[in-house]
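First comes the structure, then the notes that go with it.
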Amino acid sequence: MPSGGEIIDILGDNIRTDISKDQLKSWILNYNSMKPASSELFTLKSEWKSPYAYANEADLVEKLQNLRDPLGLPALDTQELLHDFGITE
């Protein structure tokens, strides 16, 4: 099994985020010690077309809204979101 640093290196240029490499590494290395109440797993419907997994648009929007609701954030602008993800023009 790859170490936390190796996982980040494997992901390389395929993922963009504003989260620092050190923060990601900390999350990966400390995942097992997180309290169950502090994390929730969402399964995203997707289709594998090598070398990428393509998310189901409706499921992606639903899961992102599910993350926003408990925080009291406004509803997503679906068209803007899909545009940002490069799914629509």
What's the number of the condition Ala58 fails, among (1) surrounded by 13 or more Cβ atoms within 10 Å (Cβ to Cβ); (2) among the aliphatic types (A, V, I, L, M); (3) at pLDDT 85 or above? (1)
Cβ pairs under 8 Å, 6+ apart or interchain, first in the range 57-82 and within 22 Å of Glu47 (Cα to Cα) and free of Cβ contacts under 8 Å to residues at least 12 places away in the same chain, second among the polar types (S, T, N, Q) and outside any helix (DSSP H, G or I), ordered by first then second residue, are Gln79/Thr88
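The values are calculated or read from the model by the stated rules, or taken from the named source; none is laboratory data. In this text the structure is predicted, and so the values were computed from the model without any measurement. No Cβ is skipped: glycine too gets one built from the backbone with ideal geometry, and neighbour counts run over all protein chains shown.
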